[in-house]
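J.: This is the structure I want to talk about, given as structure tokens.
The values are calculated or read from the model by the stated rules, or taken from the named source; none is laboratory data. Being a predicted model, the structure only gives us computed values, none of them experimental. Positions of Cβ are generated from backbone atoms using ideal geometry, with glycine treated the same way; all protein chains shown enter the neighbour counts. In case anyone asks, the SASA skips ligands and DNA or RNA and just uses the protein heavy atoms, side chains included. Shrake-Rupley method; radii C 1.70, N 1.55, O 1.52, S 1.80 Å.
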Amino acid sequence: MSNNRCKQYQSAFAEWVGAERAFSFWKGRVALYAIFKAMGVADGDEVIVPGYTCVMDVNPIKYLGAKPSYVDIEPETFNINVELLEEKITPNTKAIIAQHTYGYPCDMQAIMEIASRKGIPVIEDCCLALGSTYKGKLVGTFGMAAYFSTQWNKPYTTGLGGMVITNDTELAEKIRLLCEKEMRLPSRVEVMMLAAQLAAYRMFIYPKTTALAQAAFRYLTKKAAVIGSSSTSEFEPAMAPDFFKAMSTVQARSGIRQLKKLERNIAHRKKMAQLYDQLLEEKGWFARKYDTSTMEPVMVRYPVRIADKNKALTEAAKAGIELGSWFECPLHPIETPLAAYNYELGMCPEAEKASDEVVNLPLHPRTCEKTAKRSVEFITRFTKVI
Ligand SMILES: Cc1ncc(COP(=O)(O)O)c(C=O)c1O
């Protein structure tokens, strides 16, 4: 099913992360679906996920008839609280998703220890953490498989895009067969629209124009005039007939180009995150807190907790400040009908608190020292949360 350009991108990606095999897809969520389907996740199974995630992560679980089981997060890294993990494991647990949130690696030693004792595979969600390391090893190389996203807001973008990596020969063969038998190609119109959007992104999207561009993009997505990251059908747990789609040549070509610049991208993100640490500390605000002896995060965005999130978001849009808001509810985005996803408010109090408080500052390659200074000047006018 993969064309030559996709094969070339898959090989380059696998080589960069040091994995045996890589498989590319139209989106990250499609990559996760492929892993679960190949693993045989089905009716009656349970999959453990953090209660602070994107609903698109939970959809593949529901599409296959399985049930998500939510574990609350720990407040500093927003990752699964390993103290709460074991009690969620039941005889029906088929997999654990270790999501490396904002770029902070999960406590992989604890997760892998629990998982191997219980005989449950770990799937790493590296959509926000390309290049982060835990104990000197890249995230994505601990579990049975990992998946990545290259959607607009991710470590690098191919517009939309997803990748699976694995060293498990049996799983890789099952994914290969699945792709060969069931995967569709994106339509010509979809690919042309995505290519046009990528060109527009390269020309026009800078920190000052982001808020306006995002508003326009959301409007155009509703009118079906652009290829949005999510269609309306994806806010319900029912799979659309054309969901399981391959990566296009346009995306693969862009991915190959971005991989060549990845080391520079990572160095820039690390430098910018340190600058935010310093600028925030100078203002008496808290910088990042994580275990520096085990983790070296490559942050996708820089999270900050404030008391007046909605006000800050409204004012940021007016002031041309690129302020992000993930996750706005335990299963981002807010419109999600939580009950349909087996989530009840109160299940994950830390995740709910983080959803109310966290905004994030940009770190991508188009940011510079001036962006960081403006962002910090702006955000420190609001009320910090301790
Ligand atoms: C943590 C996380 N995992 C997975 C995804 C899904 O990735 P994609 O949009 O490429 O399907 C997202 C959202 O985009 C995400 O934030």
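J.: State, as an integer percentage, the relative contact order of the chain based on alpha-carbon contacts under 8 Å between residues 6 or more apart.
T.: Dividing the mean separation by the residue count of the chain yields 22 percent.
J.: At 222 nm, what value in deg cm²/dmol follows for the chain if DSSP H runs of at least 4 each add -39500 (n - 2.57) and the sum is divided by all its residues, to the nearest 500?
T.: Value at 222 nm, helices only: -12500 deg cm²/dmol.
J.: Could you order peptides 363-374, 89-100, 49-60 by the average number of other Cβ atoms within 10 Å of their residues, highest first?
T.: Put in order of decreasing packing, that is 49-60, 89-100, 363-374.
J.: In whole Å, what is the distance between the alpha-carbon centres of the stretch 136-190 and the stretch 240-298?
T.: Value for the Cα centre distance between the two parts: 18 Å.
J.: Still on this structure, please answer the following. For Lys373, which aspartates and glutamates qualify as cross-link partners when the Cα separation must be under 14 Å and same-chain residues fewer than eight apart are set aside?
T.: Candidates past the 8-residue exclusion: Asp277, Glu281, Glu282, Glu322.
J.: Right, another one. Are there any GluC sites (Glu not before Pro) in the stretch 306-343 that are in a DSSP loop and have at most 13 other Cβ atoms within 10 Å? List them by number.
T.: Hits after loop and neighbour filter: Glu335.
J.: Taking a ≥ b ≥ c as the square roots of the eigenvalues of the Cα gyration tensor of the stretch 229-346, is the shape rounded (a/c under 1.5), prolate (a/b larger than b/c) or oblate?
T.: Oblate shape, in that a/c is at least 1.5 and b/c is the bigger or equal ratio.
J.: If you don't mind, another one. Assign one of three labels to the chain, namely rounded, prolate or oblate, based on the Cα gyration tensor with a ≥ b ≥ c the square roots of its eigenvalues; rounded applies when a/c is under 1.5, prolate when it is not and a/b is larger than b/c, and oblate otherwise.
T.: In terms of gyration-tensor shape, rounded.
J.: Okay, moving on. Rank Met163, Met299, Met108 by mean-square fluctuation in a GNM of the chain with C-alpha springs under 10 angstrom and give only the top-ranked residue.
T.: Answer for the Gaussian network model of the chain: Met108.
J.: Shifting gears a bit: Of His268, Met295, Leu279, which is farthest along the charge dipole of the stretch 260-303 in the positive direction, counting Lys and Arg as +1 and Asp and Glu as -1 at C-beta?
T.: His268
J.: Roughly how many whole Å is it from the C-alpha centroid of the stretch 337-386 to that of the stretch 44-114?
T.: Value for the Cα centre distance between the two parts: 20 Å.
J.: Looking at the stretch 70-194, send over the antiparallel percent of its DSSP beta bridges, to the nearest 5.
T.: 55
J.: Still on this structure: Picking from Leu138, Leu130, Leu32, which is most flexible by a Gaussian network model of the chain using Cα springs under 10 Å?
T.: Leu138
J.: Would you work out which of Ala42, His100, Thr133 lies farthest towards the positive end of the dipole of the stretch 25-145, given +1 charges on the beta-carbon of Lys and Arg and -1 on that of Asp and Glu, about the Cα centre?
T.: The residue sitting most towards the positive pole is Ala42.
J.: First compute the accessible area of the stretch 233-386 with a 1.4 Å probe, then give the percent of it belonging to carbon and sulfur atoms.
T.: So the carbon and sulfur contribution to the accessible surface is 53 percent.
J.: Could you list, in their original order, any pairs among Lys154/Lys370; Lys118/Lys260; Lys174/Lys261; Lys7/Lys289; Lys245/Lys311; Lys318/Lys353 whose Cα atoms are separated by more than 30 Å?
T.: Violating the 30 Å limit, Cα to Cα: Lys118/Lys260; Lys174/Lys261; Lys7/Lys289; Lys245/Lys311.
J.: Sticking with this structure for a sec: Once you order the gyration tensor axes a ≥ b ≥ c over the Cα atoms, which shape class does the stretch 107-178 get: rounded for a/c under 1.5, otherwise prolate or oblate by comparing a/b with b/c?
T.: Taking the square roots of the gyration eigenvalues as a ≥ b ≥ c, the stretch 107-178 is oblate.
J.: Roughly what % of DSSP beta bridges within the chain run antiparallel, to the nearest 5?
T.: Bridges in the chain that DSSP calls antiparallel: roughly 55 percent.
J.: Please report, as a whole percent, how much of the solvent-accessible surface of the stretch 38-166 comes from carbon and sulfur atoms (probe radius 1.4 Å).
T.: 47
J.: Give the accessible surface of the stretch 1-122 per residue, rounded to a whole number of Å², with probe radius 1.4 Å and ligands, DNA and RNA excluded.
T.: Here the per-residue accessible area is 34 Å².
J.: While we're looking at this one, here's another question. Identify which of Val30, Val122, Val17 has the largest mean-square fluctuation in a Gaussian network model of the chain, with springs joining Cα atoms closer than 10 Å.
T.: Val17
J.: Please give the charge dipole size of the chain, origin at the Cα centre, charges +1 on K and R Cβ atoms and -1 on D and E Cβ atoms. Round to the nearest 20 debye.
T.: Here the size comes out at about 1920 debye.
J.: Please calculate how many Å² of accessible area the stretch 235-285 carries per residue, with a 1.4 Å probe and no DNA, RNA or ligand atoms counted.
T.: On a per-residue basis, the stretch 235-285 sits at 50 Å².
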